[in-house]
Amino acid sequence: MKILLIDDSKTMRNIQKAILTQLGHTDVLEASDGLDALSKVGAYQPNLILVDWNMPNMDGITFVKQYRAKGLKTAIIMVTTEAEKARIVEAITAGVNNYVVKPFTPDALSERIKETLSRVAAA
Amino acid sequence: MPQAQTIESAVNPNLVTPFINSVRDVFDKMAGVKITAQEPHLKAGKSTGHDISGIIGFSGAVAGSVVVSFPKAVAERLVEAFVRMPLECGTPDFVDAVGELVNMIAGSAKPYLGGVASISLPSVVIGQGYTVASMSSTPCVIIPCSSPHGDFAIELCIARQAGA
Amino acid sequence: MDHSYIMPFIKSVQNVFATMLQMQVKVGKPFIKTAGSPAYDISGIIGMAGDVEGAVVLNMPTATAEGVVARLTGAPMACTHADFPDAVGELVNMVSGGAKAQFPGKTVNISCPSVVIGHDHHVLGCKDVSSLIIPCTTDCGEFCLEISIRQTDGAAARKPAALATA
């Protein structure tokens, strides 16, 4: 299972990586913004993407739109402080499969990851 | 200074309560640490004796700054609970973690302040016994916070802006 | 950091000092801040948000700050005076405001300043944003202007217009 972790905060990447490791996922590639992530998806071919919304250079929502525009179907979970309903709808419309609001408990993020992966496996 | 007229001071509970809720929520969820907020009070004069502070600026419908200040030992323990590993005070990862905590506290409070506001990137001040002052035009409220790892404080110097 | 953001700050600090203090600012070669970079006792910090985000820090030795503030307010003022932080805050506010006005086509908001006073404190940025130090010399002594900013173009979520519809 290859997971691409996109967040401009190293702290947030470390926290999410620790949670992924606990779930047994150790093949994790980090990217610090949407542009960085787009440059890495081709070679890495992730099975799951965790993406922040507010980032420099290219934000998460733009990344999701451009990624989906390439016809790529990999499951994407947005992990963000943006909590308004309209934002969640915007993200889902753009092609996000699941949504986690920061701050999150480790359990909440774990659940969302498991849920997303099983949904993708069933599809 | 921004010239928009301050119509409501930071003593307004509508501006204070979102921060009390967000500091509890952020530490509870992200670090598994229960925070108790004490009665907020107006800051009198300069605050002294800061070791570690995270500062974030607000602009837009709500303008000002928010400072979260910790004694060194408290910051180290809270950061360890947050990132689940001990980080030495002053290292880039430690500074980033303090900034991220303050960013989350401010970011989670922001939607509940009314109006459209934006927050800056956090700055982190490391030292010993320095003072932090905000502009005297904006009253400053202190929210004392207690945790099992020790006490810290949020200094809220924000006000709603007319015409923003 | 995009180098096109350096000139606006240099022009702005020179303009603020020339108009408000009738003082020339000699600007040295900017350099990237490292762990060993000097840190002076007084820091005026202002946040930026919008198309460009980050923080600007006016970092001054006490003697420089007291000299500059005396010139600005027309009377000597010790750094322990209750009004001293306001004066330092006003300076960094004018420098940042003047600089952001020269970012073409960018919408940037600046926050109210915070002023840190104390021996041996360090103001550090986060999220891997590097800090650029612009060393300055005046008749009142030396000081530094620190810029830790990054562009957020494409980050529509940060733009007030987009937020308003949310």
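The values are calculated or read from the model by the stated rules, or taken from the named source; none is laboratory data. No experiment lies behind these values; they were computed from the predicted model shown. Positions of Cβ are generated from backbone atoms using ideal geometry, with glycine treated the same way; all protein chains shown enter the neighbour counts.
A few comments on the model shown:
- Residue among C:Leu72, C:Leu91 that alone is buried (at least 21 other Cβ atoms within 10 Å of the Cβ) and either in contact (Cβ under 8 Å) with a residue 60 or more places away in the chain or in a helix (DSSP H, G or I) (or both): C:Leu91
- Answer from A:Val41, A:Val120, A:Val79, A:Val101 - the residue that is in contact (Cβ under 8 Å) with a residue 24 or more places away in the chain and closer than 25 Å to B:Met30 by Cβ: A:Val79
- The criterion of being out of contact with any strand residue (DSSP E or B) (no Cβ under 8 Å at 6 or more places or on another chain), within 7 Å of another protein chain (Cβ to nearest Cβ) and at pLDDT below 90 holds for B:Ser136.
- Residue within region C:46-65 that is within 14 Å of chain B (Cβ to nearest Cβ), in a loop (DSSP other than H, G, I, E, B) and either more than 16 Å from B:Pro122 (Cβ to Cβ) or touching a Leu at 6+ places or on another chain (Cβ under 9 Å) (or both) present: yes
- Positions within region A:59-77 being aliphatic (A, V, I, L, M) and within 11 Å of chain C (Cβ to nearest Cβ), in sequence order: A:Ile61
- Restricting attention to region B:34-61, the residues that are buried (at least 24 other Cβ atoms within 10 Å of the Cβ) and more than 17 Å from B:Val23 (Cα to Cα) add up to 2.
- For first residues located in region C:30-53 and in contact (Cβ under 8 Å) with a residue 24 or more places away in the chain and within 23 Å of C:Lys11 (Cβ to Cβ), partners that are assigned to a loop (DSSP other than H, G, I, E, B) and among the aromatic types (Phe, Trp, Tyr) and lie 6+ apart or on another chain with Cβ distances below 8 Å form the pairs C:Asp51/C:Phe103; C:Val52/C:Phe103.
- Residues located in region B:116-142, provided they are closer than 27 Å to C:His81 by Cβ and aliphatic (A, V, I, L, M): B:Val124, B:Val125, B:Ile126, B:Val132, B:Ala133, B:Met135, B:Val141, B:Ile142
- Lone unmet requirement of (1) within 14 Å of C:Asp51 (Cβ to Cβ); (2) at the interface with another protein chain (Cβ under 8 Å from one of its Cβ atoms); (3) surrounded by fewer than 23 Cβ atoms within 10 Å (Cβ to Cβ); (4) at pLDDT below 85 for C:Pro104: (2)
- Selection count, region C:24-44, where residues are within 14 Å of chain B (Cβ to nearest Cβ), under 20 Å from C:His3 (Cα atoms) and surrounded by 16 or more Cβ atoms within 10 Å (Cβ to Cβ): 1
- Entry remark, region B:20-52: residues being assigned to a strand (DSSP E or B), more than 8 Å from every other protein chain (Cβ to nearest Cβ) and within 19 Å of B:Asp96 (Cα to Cα) number 2 in total.
- Output for region B:104-122, where each listed residue is within 12 Å of chain C (Cβ to nearest Cβ), of a type in the set (Gly, Ala, Ser) and buried (at least 18 other Cβ atoms within 10 Å of the Cβ): B:Ala106, B:Gly107, B:Ala117, B:Ser118, B:Ser120
- Number of the condition not met by A:Ser9 [criteria: (1) in contact with a helix residue (DSSP H, G or I) (Cβ under 6 Å, 6 or more places away or on another chain); (2) within 23 Å of A:Glu111 (Cβ to Cβ); (3) among the small types (Gly, Ala, Ser); (4) more than 8 Å from every other protein chain (Cβ to nearest Cβ)]: (4)
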